[in-house]
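First up is the structure itself, then whatever we jot down about it.
The values are calculated or read from the model by the stated rules, or taken from the named source; none is laboratory data. All figures in this text were calculated on a predicted structure; none of them were measured in a lab. Positions of Cβ are generated from backbone atoms using ideal geometry, with glycine treated the same way; all protein chains shown enter the neighbour counts.
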Amino acid sequence: MKENQGKIEDFLAELELKHLQGSQGSSQLNPGFSSRLDEFAKSIFEDATLTKNFTTELRYGMGSALGCKLVEMLWDDLSPSLGDSTPPEPAPEITICLAPAQLQMVRGNWKKTAVTFTRHSGVLLPGVIFEESEEPAVYFRALELGEFSSVLSPEDATEMVLELLKEHAWRFLTFDQVGDKLRRLWNEKPKLYQASKEERVPIRTYVFVLRHLLKAGVPIKDMDLIVESLFLNLGLDDLTVIAENVLDETEELICGKKEPEPKKRTSHELAIADEVTVELGHELAPLMNTGEPKNLVASINKSRRLTAREFGWVMPTVSIRVNYELAGQEYRVLVRGGQVFLGQIHPEEFFVTGSLKDLAKVKGRQFVDPVYGVPSKWVHKSLAEKCEKKGMIVIDPLTFISAVVTESALGQAYKLFTYDSFDELLDALAPSNSGVVRVYRDSSELRSMAKRVFYNLLRERVPIIDKNTILETIVQYEKQGLDSYKMTEKVRQEIAGTICKEFLVEDSKLEAICLSEELEQYLEDSLNTTHDRPFLTFGKSETEKLLELFEKAVRQARFEGNRALIVTTATLRPVLKFFLQRRLPRVSVFSTEEIPETAQVAPTRTLQYSPPKPA
């Protein structure tokens with residue numbers, strides 16, 4: 001029977017999903033299979049009610065071990081199948097981006113994952129699409145729910161996706177779902193239905209309370225308990241207070257008694273979970289030797305000072321330690337305990353990059369630069385000087401690891417920039433700009449807006465060196481009621497010189513990939529503006545074609561030794577960056593309004609695209 005086990009489990013998961021989505025019972029089953037289920041149950045139970053409950057449980061595949069065994073016994077003879085009267089698949093609203101090594105297994109197990117989610121939360125998931133990406137993340141419409149490492153195993157990636165969905169279960173609870181739940185409840189509990197008619201509770205009240213419970217981590221499967229508690233609290237005026245009372249009254253009944261909270265850790269204990277950590281395999285331990293003139297500690301500290309001076313962001317102190325679970329020459333970078341980079345290095349080799357022609361003449365191990373994605377090689381240290389004389393870039397192992405650590409931390413800077421970081425920023429500015437600092441000290445709303453703007457800037461690796469201009473711009477536009485995304489665009493325009501500085505060549509030339517007028521018009525016509533933050537909407541194949549177009553242009557630019565920079569209109573800039581973020585996270589996108597008057601755009605190529613003709 002083992003050869004059918006996968007089919008059996010998939011069948012049960014599919015059957016349960018149909019049941020959870022409101023399918024009509026045993027009519028979905030092969031009639032012969034359904035009949036054999038009844039016969040089997042009657043041979044075990046004399047009581048008709050028990051028989052009915054037993055067969056219903058098995059038909060819906062609710063995970064019973066006995067049910068699974070029964071299906072296995074009858075599988076070869078009856079070949080059960082689901083009918084065609086199942087409800088249509090919901091429209092895809094969730095996008096799950098996964099690394100190639102994770103994608104197949106997570107997608108293959110998706111039905112079981114969806115069942116697990118619904119069993120836990122009591123909420124049905126909307127439609128899901130899967131995309132391949134080196135930046136794994138989960139999106140709900142235009143909102144990123146969370147991201148995780150591409151090096152996670154498929155099993156861990158599945159668990160991470162499930163946890164992110166559970167955390168945001170309240171977002172997936174629709175008015176239609178609540179209506180279906182209530183109709184089932186009224187059928188099961190007529191007295192509650194009568195009470196609902198007397199109370200005349202609007203559907204939005206049920207939705208508000210149920211979402212409130214989900215936000216607190218309480219499943220909404222026990223609708224009778226929740227609705228009874230809601231009815232008892234309807235005399236209160238404040239809906240939030242009603243929801244809190246329902247939560248207090250039902251949480252322990254639904255989730256069980258909570259264990260007492262553990263004693264809070266001291267600041268010293270909290271410090272164990274370092275913001276940024278480098279772990280080295282045992283063969284790389286000598287790099288930590290501070291007795292040597294050149295060591296990893298000194299090299300990373302130098303990078304931290306350089307980053308603070310040129311980028312304006314102070315990287316947290318980096319903890320360095322040996323991890324004997326790593327291979328001897330492996331190292332990895334952790335941010336808040338999560339792995340963001342894993343690599344291997346040979347202390348006797350130097351990193352070399354340059355033109356493809358020069359690289360072809362050098363003996364060494366082929367390698368792709370993890371920072372910029374350009375071809376490179378690891379060569380023996382005896383060849384380093386020779387490569388340098390040819391005009392190639394040569395980096396020693398210590399400097400290379402330091403650069404990887406810095407780039408890894410910069411990539412996560414938006415997460416590491418906390419409210420404490422913002423307060424320290426204000427403290428540093430107080431002596432020179434006390435007026436602006438005072439305004440922020442007096443307004444929590446301004447502080448929250450500024451924190452979000454810094455988050456958005458750091459997310460796109462925009463230098464925040466000109467903090468005075470950033471803070472003053474936020475104050476200037478505060479009364480216009482802009483959201484954080486529009487405010488960020490205003491700030492970017494004000495610090496245009498800072499943004500463009502690192503991309504300028506010959507002091508005034510900005511080499512960039514540009515878009516043809518036809519392509520820009522097509523993208524603007526494809527904007528979805530029904531949400532607070534506009535975003536581009538295309539079909540799956542069209543999305544893939546456009547991403548491949550940009551990927552090819554970026555790859556060519558990098559191979560030619562140019563920075564990956566795209567220039568477009570102010571309207572398209574933020575939405576195009578968001579569109580490319582999953583596939584091309586390191587690509588910068590500027591608007592024409594962010595280019596200083598003293599700079600001139602020099603297109604390295606202009607992207608052309610022929611949109612599909614309407615059917």
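Points worth noting:
- Pair list, Cβ < 7 Å and 6+ apart or interchain, from the stretch 218-241 residues that are within 16 Å of Cys255 (Cα to Cα) to residues that are among the acidic types (Asp, Glu) and crowded, with 16+ Cβ neighbours inside 10 Å: Val218/Glu251; Ser229/Glu249
- Hits in the stretch 355-371 - residues which are part of a loop (DSSP other than H, G, I, E, B) and either touching a Cys at 6+ places or on another chain (Cβ under 8 Å) or of a type in the set (Val, Ile, Thr) (or both): Val362, Val371
- Selection status of Leu326, more than 20 Å from Asp396 (Cβ to Cβ), in contact (Cβ under 8 Å) with a residue 40 or more places away in the chain, in the same structural domain as Val404 (by TED's automatic domain parsing) and in contact with a strand residue (DSSP E or B) (Cβ under 8 Å, 6 or more places away or on another chain): yes
- Pair list, Cβ < 7 Å and 6+ apart or interchain, from the stretch 475-494 residues that are farther than 12 Å from Asn456 by Cβ and part of a helix (DSSP H, G or I) to residues that are among the basic types (Lys, Arg) and at pLDDT 90 or above: Tyr477/Lys490
- Residue in the stretch 272-288 that is surrounded by 12 or more Cβ atoms within 10 Å (Cβ to Cβ) and either closer than 28 Å to Arg184 by Cα or modelled with pLDDT under 85 (or both) present: yes
- When the stretch 402-420 is filtered for residues that are part of a helix (DSSP H, G or I) and in contact (Cβ under 8 Å) with a residue 60 or more places away in the chain, the ones remaining, listed by number, are Ser402, Ala403, Val404, Val405, Thr406, Ser408, Ala409, Leu410, Gly411, Ala413, Lys415, Leu416.
- Close pairs (7 angstrom Cβ cut-off, 6 or more residues apart or separate chains): surrounded by fewer than 20 Cβ atoms within 10 Å (Cβ to Cβ) in the stretch 92-114, basic (Lys, Arg) anywhere: Glu93/Arg141
- Selection within the stretch 302-354 - farther than 26 Å from Val379 by Cα and in a helix (DSSP H, G or I): Arg304, Arg305, Leu306, Thr307, Ala308, Arg309, Glu310, Phe311
- Test: residue in the stretch 388-403 that is surrounded by fewer than 20 Cβ atoms within 10 Å (Cβ to Cβ), in contact with a Lys or Arg (Cβ under 6 Å, 6 or more places away or on another chain) and closer than 19 Å to Arg586 by Cα: no
- The residue list Leu173, Leu182, Leu145, Leu164 contains one member that is under 30 Å from Tyr485 (Cβ atoms) and touching a residue at least 40 places away in the same chain (Cβ under 8 Å), which is Leu173.
- Hey, Leu383 aliphatic (A, V, I, L, M), closer than 30 Å to Gly343 by Cα, in contact with a Phe, Trp or Tyr (Cβ under 9 Å, 6 or more places away or on another chain) and assigned to a helix (DSSP H, G or I) or not: yes
- Enumeration of residues in the stretch 188-217 that are farther than 25 Å from Phe117 by Cα and of a type outside the set (A, V, I, L, M, F, W, C): Lys189, Pro190, Lys191, Tyr193, Gln194, Ser196, Lys197, Glu198, Glu199, Arg200, Pro202
- Of all the listed residues (Phe579, Phe535), the sole one being of a type outside the set (Asp, Glu), modelled with pLDDT of 90 or more and under 25 Å from Val128 (Cβ atoms) is Phe579.
- Whichever residue in the stretch 303-317 is out of contact with any Ser or Thr (no Cβ under 7 Å at 6 or more places or on another chain) and surrounded by 14 or more Cβ atoms within 10 Å (Cβ to Cβ) and, among such residues, is nearest to Ile401 (Cα to Cα): Arg304
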